[in-house]
Structures are given as structure tokens and as C-alpha cells.
Amino acid sequence: MVALASTTIAILIAVAVSAAWIVYAVFNWAAGRNEIGSEIELAANRKPYFDDEELEGSRLERMQFLGVIMLATITIGLPVYWLFEPARQSGAEEGYQNRFASWGGQLFAPTSEGGFNCAGCHGGMNGTGGAAPYTVTDSKTGEVKAVSWKAPALNTVFYRFSEDEIRFILEYGRPFSPMSPWGVKGGGPMNEQQINNLIAYMKSIQIPRENCIDPEADARACEGGHLPVAEQDKIQAAAEQLVEDGTYDSVGEALFNLDLGSGAFSCARCHTPGWSWGEPGQTGAGAFGWNLTGGATNSHFATEQEMIDFIKAGSVYGAKYGVQGQGSGRMPGFGSLLTDAQIREVVNYVRSEL
């Protein structure tokens, strides 16, 4: 607010100075018209000027007073400007981000509104998760059929991926899914600035985090922040209800397969073939992610805690994990979405039942 106020004051001062110059120019021009044809008689260097008494008296005092006023203005103005400069810079940065987000929203919008229809697949302008038309081919029969692919929610995407990982997905897409490349680098239509604008918009629709370490940080992506407790409780209640209904045998199994309408939290999205279009095969048999069945995770992660830490952080591109594993950046982190107890339930299920 302070930055906006100082900007407004600066604009008003600029307008006032500009108006003064215009008035001066008009009066100067009007006074100069009388000199036409008599420049010699009226030329400034030919007219008598003030005598020494006036030059060294009242006029000199007026000029000195004017100089003091201007010096005082500079002496006070510069420190005041310096004090407001950080706020002006942050205000300008926020203004740029808001404009980028606004432009990104135009790209995110449905095709009918001139956008690239991100909203059409991902659940509207709030990115709450939706469905996308797609065709899949049966690997055994070769049959091609149309399916409705569960598109993930984007209002929690910064909980799961870093900005660099999101940029990579936007630019190069997700092979073997409806998510096509959108960046010029991957063969899509959007240049780098448009990708930046789209990312800015997705930041603006994130569910605000709770319990951030730095209270001044952006709650959409602050360190230590997590999904609001009410949302975590909603996930827990849904999992417990599925167990109570007999759909699953344990909370860990329910959390592994959970679909809250968008599949944003589901392990099965990547680790169970066919889950994304509502025809799941063997649980944990592998799809985008690797096969978790047959005790694969027990041999890949020496301890339960090591696996928990990996699931909380996700895979970091190029970083080592587990036994001779190297991160590709495709495995999202769930430490900000699920509670430690919920992640432990999932790990217990995977290590003991798959």
C-alpha cells in the first residue's frame, strides 16, 4: 500500500511539473510575439538590468532563500525516498507478478475464452482436478479405445513439485498421457514468457499452506508449510470410511488408492496400471512409476524410515536415493500434503502387503 501511495504521489508531482512547464512555455511564447520586428530594441542584452544595489540586496537574498529551500528539499527528500524504496521495489515486484498471473490466467482459460484449455482438463480456473479425453491401446490385444483420463489437481501442484520440475512438465509434457508438451522447447506453442506467466497463475491458485517456518514467506510455497489440517482430516476420514465400507483392508491401502475426485494424492495414479482412466490392474504393478510388488521396495530401501524420507521429499533430479537409485524428478513429494502418520501407513502397506 505504501509503495502504491508513493507511486501515486510521484505521478501527481510529475503531472504538476509538466503542467507548470506547459504554462511557462505558453506565457514565454506569448511574450515573445511582441518582439517580432524589434529584436534589437528589446533584446535582453540591450535592456538595462537591475542596478548593483538591488542585485546585491533583496534579489540576492531571494536567491539565497530559494537555494536554502531547494537544499532542504533535497536533504529531506533523499532520505524519505530511501526509506520508501524497498516498499516501492516490493510493490513493483508484486505488481509484475500480479500482471504475469493475470496473463497466465488468460492462457489457462478454456478454448472458448481464447486460452489453451488447461482449465478444461484440470477442473476449471481453480485447477481442482478434472478429466481429459484420451485414447489408450491394449498392449495384448492392440485394441484402441477412448477413455476419460483423471487429470490431477493443480491447486496443490507446488506442494508436490518444485518450480523447475513444473516448468519441465509444462515444456515437455507427460509421455503416454493426455499432458502434451506446451513449451517451444518440447515442440509446443508457448514461449518462455508464456510458460512463466502460466506458472505465476498456478502459484496464485494454490491452497494456502499452514504452519510456515517463515511467517513472512508466501504461504503458497513456504518452507515447512503443509496442507491445511482440515484438508488432511478430510483425506484421513475418506480413507477410514473406505476401510469401514470394506473396500480396503487398511488405511494404508486406502491412502495408496485414494481418489478425492482429482487423484492428487493417489500413489496408484503412477504405480497401478490403468488407474488413471478407471480400469485399474494389479495394485502397485507399475505404470509411470516402477513396480512396487514382490517386495521390491524392501530391497530398494534398506529401512522403513529411508523410504518414508524419500516419499516425503520426492525424487530430486540426479540425486541418489535408495540402493543405486538416481532421481528423475518425476516422483512428487508428499511431505506437505500428507501427515507423517499417513505416510507411515502407506509405507507399512507397501512393504508388508504388496
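What follows draws every value from the coordinates through simple rules; no lab data is involved. Computed from a prediction, not measured in an experiment: that's the story for all the values here. Backbone-built Cβ (ideal geometry, glycine too); neighbour counts: all protein chains shown.
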### Asp340 versus Leu78: modelled label distance in nm, points set 7 Å from Cα along the beta carbon direction
5.5 nm
### Query
In whole Å and largest first, what semi-axes does the C-alpha gyration tensor of the range 143-235 yield when each eigenvalue is scaled by 5 and square-rooted?
28, 19, 9
### Message
With every atom except the alpha carbons ignored, what do you get for Rg and Dmax of the range 232-354, in angstroms?
### Response
13.6, 42
### Alpha-carbon Rg with Dmax, taken over the range 87-214, Å
16.5, 64
#### Entry: Anisotropy class of the range 223-267 from Cα gyration tensor, a/c 1.5 cut
prolate
### Query
How high is the relative contact order of the range 229-353, in percent, counting Cα pairs under 8 Å that sit 6 or more residues apart?
21 percent
### Message
Skipping prolines and chain starts, which residues have an amide H placed within reach, meaning under 5 Å, of the one on Tyr248, given they are 5 or more residues away or on another chain?
### Response
Val243
### Query
Angle between the Cα long axis of helix 304-313 and the longest principal axis of the chain, 0 to 90 degrees, nearest 10?
40 degrees
### Query
Hey, what angle do you get for helix 163-172 against the long axis of the chain, alpha-carbon based, 0 to 90 degrees rounded to 10?
80 degrees
### Order by protection proxy (mean Cβ within 10 Å, highest first), peptides 181-187, 345-351
345-351, 181-187
### Relative contact order, percent, the chain [alpha-carbon distance under 8 Å, six or more residues apart]
11 percent
### Message
Just to be sure I understand, if you calculate Rg/Rh (Cα atoms, Kirkwood Rh) for this structure, which of (i) 1.29; (ii) 1.04; (iii) 1.11 do you get?
### Response
(i)
### At R0 = 22 Å, FRET efficiency that the Cβ-Cβ distance of Val323 and Asn348 yields, to 0.05
0.65
### Task
Could you check the simple spin-label distance between Phe50 and Gln193, using points 7 Å along Cα→Cβ, in nm with one decimal?
5.4 nm
### Task
Could you pull out every Cys in the chain that lacks a partner Cys with its beta carbon under 4.7 Å away?
Cys118, Cys121, Cys267, Cys270
### Query
So what is the relative contact order for the range 124-257, in percent, with contacts set as C-alpha pairs under 8 Å and at least six apart?
14 percent
### Query
Want the number for Glu279 to Thr8: 0.36 nm per residue separation, take away the alpha-carbon distance, what's left?
91.7 nm
### Summary
If one builds a Gaussian network model of the chain from Cα atoms under 10 Å apart, the most fluctuating residue listed among Phe301, Phe65, Phe334 is Phe65
### Query
Counting other Cβ atoms within 10 Å of each Cβ, which GluC sites (Glu not before Pro) in the range 152-217 have at most 13 and sit in a DSSP loop?
Glu216
### Task
Calculate how steeply helix 340-353 sits against the longest principal axis of the alpha-carbon atoms of the chain, using the helix alpha-carbon long axis, and give the answer as 0 to 90 degrees to the nearest 10.
30 degrees
